[in-house]
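Visitor: There's a structure below that I have some questions on.
The values are calculated or read from the model by the stated rules, or taken from the named source; none is laboratory data. Just so it is clear, the structure is predicted and the values come from calculations on it, not from any experiment. Neighbour counts are summed over all protein chains in view; Cβ atoms, including those assigned to glycine, are modelled from backbone coordinates with ideal geometry.
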Amino acid sequence: MNTVSIIEKKKLNQPLTKDEINYIIEGYTKGDIPDYQIAALLMAIRLNGMSDDETFYLTEAMINSGDRIDLSSIEGFKVDKHSTGGVGDKVTLMVAPILAALEIPVAKFSGRGLGITGGTVDKLESIQGFNVELSEEEFIHNVNKYGVAVSGQSKDLCPADKKLYALRDVTGTVDSTTLIASSIMSKKIASGSDGIVLDVKYGNGAFMKTKEDAKVLAEQMAKIGNAFGRDVQYELSDMNNPLGYAIGNKIEVLEVQELLSHHIKNNTDLYDKSLEIAAKMYSMATKESLENSLQKVKEVCDNKKALAKFNEWIASQSGAVEDIAFPKVKNVYKQNSHKSGVIKSVNAKMIGEISVELGAGRKTKESLLDYDAYIILHKKQGDSIVEGDLLVELGFNNDIDYKAQLEKALSAFEIE
Ligand code: URA
């Protein structure tokens, strides 16, 4: 087989065979095929797409490039969730203890932040001592003992995807539905869960800008999952506004703990979205109706069993629960509104970009995070405000031009 002829074929929008896809993925993983040839192929895929069969073969080849996690020693239906990424999206931190409190095992591998979207692993790592690098034995032991474990992906899970993703990131080929679907699903399937609930985001703070595009992606991922014998359900979620009031790492963990403790009002977008997803996961695992599942999920939030499980889970991975507190920063700046009216939206993309400037997200793969850097939205979409009301607060330790960031934060608020 010949790499150039495979590139030529895709350039002419002809379907690739299973053998050709395996040849490419195996050759690239081993280092036999250079980046520049794969970059050309990725661009041809980005421009011409792939059929369902090709997407399945690509996903399969990426799974076979590394280890599969065997969760068979954990009893019960193992249900996973995946968010395609958002600003202020800390739903995993909510649903993991909720499901575990309902005795549904949560065996979850999560990722780090990507661009303006935060990552669960970074958020968990902001808790002093929290171990995000569990061995497979520790991971399974924790799920069996505590009902929940969340770990970073092992190096050996889908190594082909790791290489391809890094190359896509620098060749303008991230935004391909086929490539995103196969990338996400290869990792989900290799992680061994029986069922997966997908939270596919759309809007200015997400990969997919429109709901229609998000639906195409969600359906493609569901098809892949079903082809591998997994139960898949999806939600389409608006990411034009950040989720919750807090954006950052430590502050988002605190927001979850406060929400589960009932210290902050629970009628937020974050609470509703988390309960919706948790109910879908519970329903998938137990086959109970969504209505009953929502009821059960609410119960463990109301009686604080989810909070107790959250604290137990953090401690079970060596995290210092007492360390979950308001972040300590050198600089705090607040921005008040210049007008009165109703907030039409708070631009998630702009807020995400500011969070990266403050140090809560990475500019390059090598960037070190400041776990304490935070943004608090004091007002959200739909809130009425009068001139002079506090809109947003920025907390950080670095030497950025804070005036520019405050101005940008103010312009993120669209007020009518
Ligand atoms: N997340 C992934 O894991 N892969 C993609 O391609 C996009 C988002």
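Visitor: Looking at (1) at pLDDT 95 or above; (2) out of contact with any Pro (no Cβ under 7 Å at 6 or more places or on another chain), which one does W313 not meet, given that it meets all the others?
Guide: Single failed check for W313: (2).
Let's see how each residue does on (1) surrounded by 18 or more Cβ atoms within 10 Å (Cβ to Cβ); (2) in contact (Cβ under 8 Å) with a residue 60 or more places away in the chain:
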site	(1), (2)
E353	yes, yes
H378	no, yes
L390	no, no
E407	no, no
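Visitor: May I ask you to say which residue of F56, F77 is of a type outside the set (V, I, T), touching a strand residue (DSSP E or B) at 6+ places or on another chain (Cβ under 8 Å), surrounded by fewer than 22 Cβ atoms within 10 Å (Cβ to Cβ) and in contact (Cβ under 8 Å) with a residue 40 or more places away in the chain?
Guide: Of the residues listed, the single one that is of a type outside the set (V, I, T), touching a strand residue (DSSP E or B) at 6+ places or on another chain (Cβ under 8 Å), surrounded by fewer than 22 Cβ atoms within 10 Å (Cβ to Cβ) and in contact (Cβ under 8 Å) with a residue 40 or more places away in the chain is F77.
Visitor: Okay, moving on. Taking segment 152-165 as the search range and keeping residues that are in contact with a helix residue (DSSP H, G or I) (Cβ under 7 Å, 6 or more places away or on another chain) and without any contact (Cβ under 8 Å) to a residue 60 or more places away in the chain, which one is nearest to the ligand (Cβ to nearest atom)?
Guide: If we take residues in segment 152-165 being in contact with a helix residue (DSSP H, G or I) (Cβ under 7 Å, 6 or more places away or on another chain) and without any contact (Cβ under 8 Å) to a residue 60 or more places away in the chain, then Y165 is nearest to the ligand (Cβ to nearest atom).
Visitor: Considering each of T171, T210 in turn, give the residue that is surrounded by fewer than 19 Cβ atoms within 10 Å (Cβ to Cβ), more than 15 Å from the ligand (Cβ to nearest atom) and hydroxyl-bearing (S, T, Y).
Guide: When all the criteria are applied, what remains is T210.
Visitor: What's the total number of residues in segment 205-228 that are among the small types (G, A, S) and modelled with pLDDT under 95?
Guide: Of the residues in segment 205-228, 2 are among the small types (G, A, S) and modelled with pLDDT under 95.
Visitor: Mind listing just one residue for me: the one in segment 88-110 that is of a type in the set (D, E, K, R) and not in a strand (DSSP E or B) and, of those, farthest from the ligand (Cβ to nearest atom)?
Guide: Taking the candidates together, the pick is E103.
Visitor: State all residues of segment 317-352 that are more than 16 Å from Q405 (Cα to Cα), assigned to a loop (DSSP other than H, G, I, E, B) and polar (S, T, N, Q); if no residue qualifies, say none.
Guide: Q317, S318, S340
Visitor: A further question follows. Which residues, taken from segment 225-243, are within 14 Å of the chain's Cα centre (by Cα) and outside any strand (DSSP E or B)?
Guide: Residues satisfying the conditions are M239, P242, L243.
Visitor: Just for segment 111-140: of the residues that are of a type in the set (D, E, K, R), in a helix (DSSP H, G or I) and over 16 Å from T92 (Cα atoms), which one is nearest to the ligand (Cβ to nearest atom)?
Guide: Among those that are of a type in the set (D, E, K, R), in a helix (DSSP H, G or I) and over 16 Å from T92 (Cα atoms), it is E136.
Conditions (1) among the small types (G, A, S); (2) within 15 Å of the ligand (Cβ to nearest atom); (3) in contact (Cβ under 8 Å) with a residue 60 or more places away in the chain, marked per residue:
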residue: V143; (1), (2), (3): no, no, yes
residue: L167; (1), (2), (3): no, yes, yes
residue: S176; (1), (2), (3): yes, yes, yes
residue: K187; (1), (2), (3): no, yes, yes
residue: S191; (1), (2), (3): yes, yes, yes
residue: N204; (1), (2), (3): no, no, yes
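Visitor: Could you check segment 244-282 and list, in sequence order, the residues that are within 30 Å of G359 (Cβ to Cβ), among the small types (G, A, S) and in a helix (DSSP H, G or I)?
Guide: Hit for segment 244-282 is S274, nothing else.
Visitor: Given the residues L243, L260, L254, which is the only one that is surrounded by fewer than 24 Cβ atoms within 10 Å (Cβ to Cβ) and modelled with pLDDT of 95 or more?
Guide: L254
Visitor: Of the residues that make up segment 13-34, is at least one in a helix (DSSP H, G or I), farther than 24 Å from G225 by Cα and not aromatic (F, W, Y)?
Guide: Within segment 13-34, one or more residues are in a helix (DSSP H, G or I), farther than 24 Å from G225 by Cα and not aromatic (F, W, Y).
Visitor: Looking only at residues that are among the hydrophobic types (A, V, I, L, M, F, W, C) and over 16 Å from K296 (Cβ atoms) in segment 80-116, which one is surrounded by the most Cβ atoms within 10 Å (Cβ to Cβ)?
Guide: Residue satisfying both the conditions and the ranking: V87.
Visitor: I would also like to ask the following. Checking D70 against (1) in contact with a helix residue (DSSP H, G or I) (Cβ under 9 Å, 6 or more places away or on another chain); (2) part of a loop (DSSP other than H, G, I, E, B); (3) at pLDDT 95 or above: exactly one of these is not met. Which one?
Guide: Looking at each condition in turn, D70 falls short on (3).
Visitor: Determine whether L369 is of a type outside the set (D, E, K, R), surrounded by 20 or more Cβ atoms within 10 Å (Cβ to Cβ) and out of contact with any strand residue (DSSP E or B) (no Cβ under 9 Å at 6 or more places or on another chain).
Guide: It is true that L369 is of a type outside the set (D, E, K, R), surrounded by 20 or more Cβ atoms within 10 Å (Cβ to Cβ) and out of contact with any strand residue (DSSP E or B) (no Cβ under 9 Å at 6 or more places or on another chain).
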